[in-house]
């Protein structure tokens, strides 16, 4: 029996693999077994949800952290071993959050002096492989003797650990970039897989330039989390209103907030929208649906208790992670509700999140907020700084959305789209062409086929 290892420690990994045809393609051959490694908090959930698949095995394994001095040093170097603006931005944010100016200076030295040299990145990877001696997944390699390890988040902590151990055991490795911002912001790819799947041509170029991958070891497969948008047929708006706890037929805008360092800004913007609805600058019948990002805990905003126009919705299943963050899971119903929420809203308003691309896929108008709500915001609180990130800049250059650079522009842009939602349709089409290539609903199948083809070519290995 062929065995494939897949670590899944993030909700989006689950969406990309377990909620697409990828997992069904892998299990389509009766002599193939898939072993998924997940957090202990999710093991019962997964076993119940996939109990009809005898060749799909779940192993509970804690989220691994570096414990030795050498491991912590190697992690520090790896997270800073790129000279990109996004890495610099995260370094500045850490400095503002925890202080430690010496650590910040060391991080900048790693980025500027070491991060631009391909040969030094190669040396780092060799040392990382050599000096990390712990066999975290050793007993599982011995138990299952996998043919292939597939890491659906090439920059994830546990994915990296498993890739490293697979390399040492000469097990064939395939990996994927989890999301569109990862290669420029999450540090260097510490373990190069034998084969890497990327979602877009832009990611392909980044994988060659920043992850030092050979083009022949890369394949563009599309964006798996967007498969369900292909051929989307909207549900009855009255049904969606009921699910979202909105009055039947009431028009609404969809607002995707930011929390933690940005909570004060989120509250300020929502208060402003509430005021403008109440005083008639926006239509008085308009509601604002605040859809929590799935990873954030539902922080209760007491400021809006009893509001007649601000409503909240928390999607997904949630599992403990940190005090302010959830690990999460989406079902197909959750993804359908999100698609319907975008489709039936009048305008989506956000901070250039993935929601901008999802709205473009449905040819739906988008307003992105790019102004400060604080007089002198720090790097951690600045909304404008978000728009300098390397994955954001080219998206904005395409067009397809309106950029609100003041409170007044926010209201003006919303009203403009309410009058004519067809504005910027050409730009939205260009966003889809560049950020959702191969938009045919078949990305999951392509991912599964690549993994299965490789597994079929790899002979059994003794470990």
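The values are calculated or read from the model by the stated rules, or taken from the named source; none is laboratory data. No experiment lies behind these values; they were computed from the predicted model shown. As a convention, Cβ positions derive from the backbone with ideal geometry for all residues, glycine included, and neighbour counts pool all protein chains shown.
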### Message
Suppose we keep only residues that are without any contact (Cβ under 8 Å) to a residue 60 or more places away in the chain and within 21 Å of the chain's Cα centre (by Cα) within the range 85-101. Which one would you say is surrounded by the most Cβ atoms within 10 Å (Cβ to Cβ)?
### Response
91
### Query
With (1) surrounded by fewer than 18 Cβ atoms within 10 Å (Cβ to Cβ); (2) farther than 24 Å from residue 260 by Cβ; (3) free of Cβ contacts under 8 Å to residues at least 24 places away in the same chain as the list, and residue 50 as the residue in question, which single condition is left unmet?
(3)
### Task
Scan (1) more than 30 Å from residue 210 (Cβ to Cβ); (2) buried (at least 20 other Cβ atoms within 10 Å of the Cβ) for the single condition residue 82 breaks and write down its number.
(1)
### Query
Within the bounds of the range 209-217, is there any residue that is crowded, with 22+ Cβ neighbours inside 10 Å, within 14 Å of residue 435 (Cα to Cα) and in contact (Cβ under 8 Å) with a residue 12 or more places away in the chain?
no
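Residue-by-condition table, conditions (1) over 30 Å from residue 197 (Cβ atoms); (2) modelled with pLDDT under 95; (3) crowded, with 17+ Cβ neighbours inside 10 Å; (4) outside the structural domain of residue 176 (by TED's automatic domain parsing):
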site	(1), (2), (3), (4)
391	no, yes, yes, yes
408	yes, no, no, yes
413	yes, no, yes, yes
425	yes, no, no, yes
453	no, yes, no, no
462	no, yes, no, yes
### Task
Keeping to the range 345-363, report how many residues are in contact with a strand residue (DSSP E or B) (Cβ under 6 Å, 6 or more places away or on another chain) and in a loop (DSSP other than H, G, I, E, B).
5
### Query
Quick one: how many residues across the range 65-78 are more than 22 Å from residue 137 (Cβ to Cβ) and surrounded by 19 or more Cβ atoms within 10 Å (Cβ to Cβ)?
1
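One line per residue, one yes/no per condition, for (1) over 30 Å from residue 459 (Cα atoms); (2) at pLDDT 95 or above:
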| position | (1), (2) |
| --- | --- |
| 37 | no, yes |
| 41 | yes, no |
| 70 | yes, no |
| 79 | yes, yes |
| 85 | yes, yes |
| 88 | yes, yes |
| 105 | yes, yes |
| 113 | yes, no |
### Message
I need every pair where a residue in the range 102-116 that is in contact (Cβ under 8 Å) with a residue 12 or more places away in the chain has its Cβ under 6 Å from the Cβ of a residue that is surrounded by fewer than 18 Cβ atoms within 10 Å (Cβ to Cβ), sequence separation at least 6 or different chains.
### Response
111/83; 112/83; 114/120; 115/83; 116/83
### Inter-residue pairs, beta-carbon under 7 Å, first in contact (Cβ under 8 Å) with a residue 12 or more places away in the chain and in the range 302-314, second surrounded by fewer than 17 Cβ atoms within 10 Å (Cβ to Cβ) and part of a loop (DSSP other than H, G, I, E, B), 6+ apart
311/245; 314/298
